[in-house]
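First comes the structure, then the notes that go with it.
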Amino acid sequence: MPSRRDFLQLTSLAAPAMFLPMPLLNFFRPSAPLAGKLFFDETQLQTMRTAFTGHPLFAALRQRLAAFDRAKERKFLKSEVRYNDHLYHIARLSDSAQQMAFYYAMTEDKDAAKLAVDSIRTMMKFPKWDYFLEAGKEVIGIQRGSSSVLAAALCADWLGDSIDKKERSSWLETMGERGCEACFRSLYGMRYPERVVGWSMDQTSTYFEHRPGDRVDLSNWPHILDRTNLKAVPASALAIGAVAYQQQFGKSEKTERWLEQAIYSIKTFRDLFARDGSYDEGVSYAHYTALHLAQATTILHRFGRADLYDLINWPGYLDYVYGMAMPVQDDLYEIVNFGDNGNAKTGEAGKPKRSSMPMWIAAHFHEPQALWFAEKLGGDLDEWALIWHRPQMQAVAPKPGPQLWHSDLDWIVARTGYQPEDLVVAMRSGGPSNHEHADRNSIIVKCFGEHLVADPYRPPYSFSDPSWMMRTTAGHSAVLIDGRPHQYHDGSEGTNASQAAARLIRKGERSGYFFWTSDATPAYQLVTPDVKSITRTVIVL
């Protein structure tokens, strides 16, 4: 794969060629199937429809959207929605609206369009779009406000002439007031934490009915969230919402303020991803973060606002997701689940959808190995994978045989290949991060299609839950000193970073084996000061 220098040269040539800036296109032709062309135009739409209806890669997406339980959703809309349930209900509305609007764009199914419209109309009845507040009164948008902005913007676009201009304007105006301003407010607080009066959870929301133990201290959250995936989400939503709003109502002080803040916040991720493209919250959160950054990067370039394609080492990010792949017999898309990462074991959440980012990388940086990852290791292909699919590309498999991957995070993984029967040995060295566990020098091993040495799968976030202790060193394949762990936080502020650090002090390859040694002494000395040395050496034959 290309070096960072090759990557930066490539992006300067490839990214502008992928999509012409939107000022060159006619946005609002009468009876157009797309209203805003935020991510694709009618020419691309026809290609997408062909892939959606006939390409085997998208069979699962086609089946999922076709099988959407519309009767159940209409019953929910009619009699079950609670307009202060932000944890589940507003999220469900935004998700179902996007699914049905996309299905309409692919198939022209008018009933799907009607359900999408009804879902957005219901979402518009929520007086608040998120359950976080600044100074006890002003809504700040993090996840729910962000997903609502995305749903409003995309549905206003994809539903085309299924809605009239007056209703589209009403949606986007409400989106600006309840969504974009809320996302701006959260990002502004992360940018200027000294100006924050105080963040809290809205006591009128049903959040604590669902999660009574999640009463965490938010006083430091403007600082904490500034280095996490939860900054990428509102930053991307604000960029998308601002562009959609501006296309409908024209350029204004408001949209320029939103775009300046969104672009500023997105640019800060240059320092949050490692130089080699790795991301310290782990693969699950890396995909979540990267997807939002890719969406923002795409729309900002498409509408001539910013060229951020070289912000992250995206070919290096592909190395990262390859390095952390760990397929087993029961889950071909399993990952090295350091920290809070890993695939759910049941339900729709148990069907990972991490193919869209490799598909985006394949399309924008001409990486055929990214397409192979999307097809073989990324799980179900979703709507964004289809949007960024380039049918003319051919997938290329990674090189076979034993490999040692060592990231700039000091995470290290040895493998014999990418099949379930292959051996994978991973060690968590390196520094602290959000969504981490107390797992320095712990190892994960799989072979013969089975987990042999495993990390706990996503223990509860809430420190009041007894299972929270599985986040500590005792829950991992790491050293205890007379029963004492290395340093970890108490969970009172959430899933934030500790102070525990380890580092790889040697690694190498000899004939027939890999080896490495990690020193976690500083992490243990924070709990047991008289510890002299805690190192662990691994040999992988």
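Quick one: how many residues across region 417-443 are β-branched (Val, Ile, Thr) and under 17 Å from LEU480 (Cα atoms)? Please lay out each step first, then the result.
We begin by selecting, within region 417-443, every residue β-branched (Val, Ile, Thr); these are 424-425, 443.
Applying the additional criterion that residues be under 17 Å from LEU480 (Cα atoms) yields 443.
Counting residues in region 417-443 that are β-branched (Val, Ile, Thr) and under 17 Å from LEU480 (Cα atoms) gives 1.
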Enumeration of residues in region 244-265 that are assigned to a helix (DSSP H, G or I) and either hydroxyl-bearing (Ser, Thr, Tyr) or within 24 Å of the chain's Cα centre (by Cα) (or both): ALA244, TYR245, THR255, TRP258, LEU259, GLU260, GLN261, ALA262, ILE263, TYR264, SER265
Counted residues, region 389-420 - those being in contact (Cβ under 8 Å) with a residue 60 or more places away in the chain and more than 18 Å from ASP319 (Cα to Cα): 3
The one condition in (1) part of a loop (DSSP other than H, G, I, E, B); (2) at pLDDT 95 or above; (3) surrounded by fewer than 17 Cβ atoms within 10 Å (Cβ to Cβ) that TYR457 fails to fulfil: (2)
Residue satisfying condition, being at pLDDT below 95 and either crowded, with 17+ Cβ neighbours inside 10 Å or of a type in the set (S, T, N, Q) (or both), within set ASN84, ASN26: ASN26
Out of LYS137, LYS125, sole residue that is under 17 Å from GLU73 (Cβ atoms), out of contact with any helix residue (DSSP H, G or I) (no Cβ under 7 Å at 6 or more places or on another chain) and not hydroxyl-bearing (Ser, Thr, Tyr): LYS125
Qualifying residue in region 439-450 (condition: part of a strand (DSSP E or B), touching a residue at least 12 places away in the same chain (Cβ under 8 Å), among the aromatic types (Phe, Trp, Tyr) and out of contact with any His (no Cβ under 8 Å at 6 or more places or on another chain)): no
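Picking from GLU509, GLU450, which residue would you name as being farther than 30 Å from ASN220 by Cβ, within 28 Å of the chain's Cα centre (by Cα) and either surrounded by fewer than 17 Cβ atoms within 10 Å (Cβ to Cβ) or among the polar types (S, T, N, Q) (or both)?
Numbers: GLU509 fails: within 28 Å of the chain's Cα centre (by Cα).
None of the other options fit; the residue is GLU450.
To keep it simple, each residue is scored yes or no on (1) aliphatic (A, V, I, L, M); (2) closer than 23 Å to VAL243 by Cα.
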site: GLN46; (1), (2): no, no
site: ALA51; (1), (2): yes, no
site: ALA67; (1), (2): yes, no
site: ASP85; (1), (2): no, no
site: ASP95; (1), (2): no, yes
site: LYS110; (1), (2): no, no
site: ASP118; (1), (2): no, no
site: TYR131; (1), (2): no, no
site: GLY141; (1), (2): no, yes
Answer residue from region 92-135, given it is assigned to a loop (DSSP other than H, G, I, E, B), over 25 Å from the mean Cα position of the chain (by Cα) and acidic (Asp, Glu) and is nearest to LEU34 (Cα to Cα) among those: GLU108
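Looking at region 42-81 only, could you name the residues that are outside any helix (DSSP H, G or I) and either crowded, with 19+ Cβ neighbours inside 10 Å or in contact (Cβ under 8 Å) with a residue 24 or more places away in the chain (or both)?
Start the filter on region 42-81 by keeping residues that are outside any helix (DSSP H, G or I), which leaves 55, 67-69, 80-81.
Correct list: HIS55, PHE68, VAL81.
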Any chance GLY475 is touching a residue at least 40 places away in the same chain (Cβ under 8 Å) and among the small types (Gly, Ala, Ser): no
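Any chance you could count how many residues in region 203-243 are outside any helix (DSSP H, G or I) and farther than 30 Å from ASP157 by Cβ? Can you show your working first?
Just the residues of region 203-243 that are outside any helix (DSSP H, G or I), to begin with: 203-206, 211-220, 228.
From the residues that got through so far, the ones that are farther than 30 Å from ASP157 by Cβ too are 203-204, 206, 211-220.
Total satisfying the criteria: 13.
The values are calculated or read from the model by the stated rules, or taken from the named source; none is laboratory data. Small disclaimer: the values here were computed from a predicted structure and weren't measured. No Cβ is skipped: glycine too gets one built from the backbone with ideal geometry, and neighbour counts run over all protein chains shown.
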